[in-house]
Amino acid sequence: MTQPISSRLCLAAALVAALAVGSMVAAERSSSAMATAATRFVNALTPDQRQQASFAFDSDERLHWHFIPTETFPRKGLLVQSMNESQRKLAQELLKAGLSQRGYLTATSIMDLETVLGALEAAGRSVEAQPRSAPLVRNPVGYFFSIFGTPSARDTWGWRVEGHHVSLHFTVVNGTLVASTPSFFGSNPAEVREGPKKGLRILGPEEDAARALLQSLDASQRTKAILDAKAPNDMLTMAKVDISPLSPSGLPAEGMNATQRDLLMKLIDVYTGYMAPDIAADRQARLRKAGVEKIGFAWAGETERGKKHYYRIQGPTFLVEYDNTQNDANHIHSVWRDFDGDFGRDLLREHLRTVAH
């Protein structure tokens, strides 16, 4: 028997409400896990370590970020190298609270890759394309943990993990809302071509998913998607604090068929999937609300694998940039940015608008 329309509408409304509550509960679990992990981490530090790791939430340091080596971009925070074993485990638990299992493995694999890069440079087979006055030290424990404000399940605070090729930023507003950008991952080498880790491609999914989409495009679509036969030397936005949409945006999803739109969403999933499940779901919900059909895919550089290439994915609310040109196309930089949400700006603005201070 067919249900009356009013009953179906009530059922749909109840389902939407249940999903909303479920999402809120998941978000509260994630932010609560961050607060718990950060509190345990801070409490385990010595007074001197705590001073190194802790900053006021509204300090300029919270917006101080980059992905290049510390020798060329001095950083503050508490080095993993300066932690004892139990403190390192607590730092790892904090990192796990913000990332999915895949995201955590990616971050820690990039840190460990410093040993491979150091060996390659010692043998004269790789050079970091950054200006410097002194040799770079490749150190898998040369990463900084920073806490902004006081970790809390009800108040506003933030945390950051940063070093060469890893820059992760989390802002918790009102104890429940979580912002997770900028989020940067890089890899040098992009593919390990010799030694015991030969064949390792930490950021392989970022390239492979983009190539699958590019290869699915017909000649007319490629004309819109491929902006230039030459790839830029690096990401265009680099480590700017404020960014705006890039132009042109490339081939929009509304100009793709169903299979291609599915490939586009799979590519986006590579990036959202680095985050804890509720944070990833929030990213997806925002871009869908703004309109999937408005998301553009753009490519620059050669299309043959192993050659220098660049791409970006851009929607009304976000930008993904990926570049693999340095070290003869074996050095990846990639980032997710939110135009209005980096460093939790949109959440903080809404919080101030709705809460008396």
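Things worth noting here:
- Flag for residue 126 being part of a loop (DSSP other than H, G, I, E, B), surrounded by 16 or more Cβ atoms within 10 Å (Cβ to Cβ), of a type in the set (Gly, Ala, Ser) and over 14 Å from the mean Cα position of the chain (by Cα): yes
- Residues being in contact with a helix residue (DSSP H, G or I) (Cβ under 7 Å, 6 or more places away or on another chain) and not in a loop (DSSP other than H, G, I, E, B) - total across segment 175-185: 4
- Residue match in segment 322-337 (condition: basic (Lys, Arg) and either out of contact with any strand residue (DSSP E or B) (no Cβ under 6 Å at 6 or more places or on another chain) or free of Cβ contacts under 8 Å to residues at least 24 places away in the same chain (or both)): no
- Strands (runs of 3 or more DSSP E) contained in segment 274-335 and holding at least 3 residues over 16 Å from residue 227 (Cβ atoms) and not aromatic (Phe, Trp, Tyr): none
- Residues of segment 187-208 satisfying the condition of being in a helix (DSSP H, G or I) and surrounded by fewer than 19 Cβ atoms within 10 Å (Cβ to Cβ): 204, 205, 208
- Restricting segment 238-271 to residues that are touching a Ser or Thr at 6+ places or on another chain (Cβ under 9 Å) and among the β-branched types (Val, Ile, Thr), the residue that is nearest to residue 311 (Cα to Cα): 243
- Residue match in segment 249-256 (condition: over 30 Å from residue 345 (Cβ atoms) and over 17 Å from the mean Cα position of the chain (by Cα)): yes
- Out of 136, 120, 214, 168, one residue alone is out of contact with any helix residue (DSSP H, G or I) (no Cβ under 6 Å at 6 or more places or on another chain), crowded, with 22+ Cβ neighbours inside 10 Å and touching a residue at least 60 places away in the same chain (Cβ under 8 Å). It is 168.
- Residues in segment 230-253 that are of a type in the set (S, T, N, Q), crowded, with 16+ Cβ neighbours inside 10 Å and under 22 Å from residue 329 (Cβ atoms): 1 in all.
- Qualifying positions in segment 184-226 - touching an Asp or Glu at 6+ places or on another chain (Cβ under 9 Å) and at positive phi: 199
- Tally of residues being in contact (Cβ under 8 Å) with a residue 60 or more places away in the chain and either in contact with a Gly (Cβ under 8 Å, 6 or more places away or on another chain) or of a type in the set (Lys, Arg) (or both) across segment 277-315: 12
- Within the option set 198, 230, 266, 240, being outside the structural domain of residue 68 (by TED's automatic domain parsing), in contact with a Leu (Cβ under 9 Å, 6 or more places away or on another chain) and at pLDDT 95 or above holds for one residue only, 266.
- Residue identified as at pLDDT 95 or above and either under 14 Å from the mean Cα position of the chain (by Cα) or within 30 Å of residue 234 (Cβ to Cβ) (or both) among 90, 94: 94
- Filtering segment 72-82 for residues that are surrounded by fewer than 20 Cβ atoms within 10 Å (Cβ to Cβ), closer than 22 Å to residue 192 by Cβ, basic (Lys, Arg) and at pLDDT 95 or above leaves an empty set.
- All positions within segment 201-225 that are aliphatic (A, V, I, L, M) and out of contact with any Leu (no Cβ under 8 Å at 6 or more places or on another chain): 203, 214, 219
- Segment 31-68: number of residues that are of a type in the set (A, V, I, L, M, F, W, C), assigned to a loop (DSSP other than H, G, I, E, B) and surrounded by 15 or more Cβ atoms within 10 Å (Cβ to Cβ): 6
The values are calculated or read from the model by the stated rules, or taken from the named source; none is laboratory data. Everything numeric here is computed off the predicted structure, so don't read it as measured data. Every residue, glycine as well, gets a Cβ built from its backbone with ideal geometry; the counts of neighbours run over all protein chains shown.
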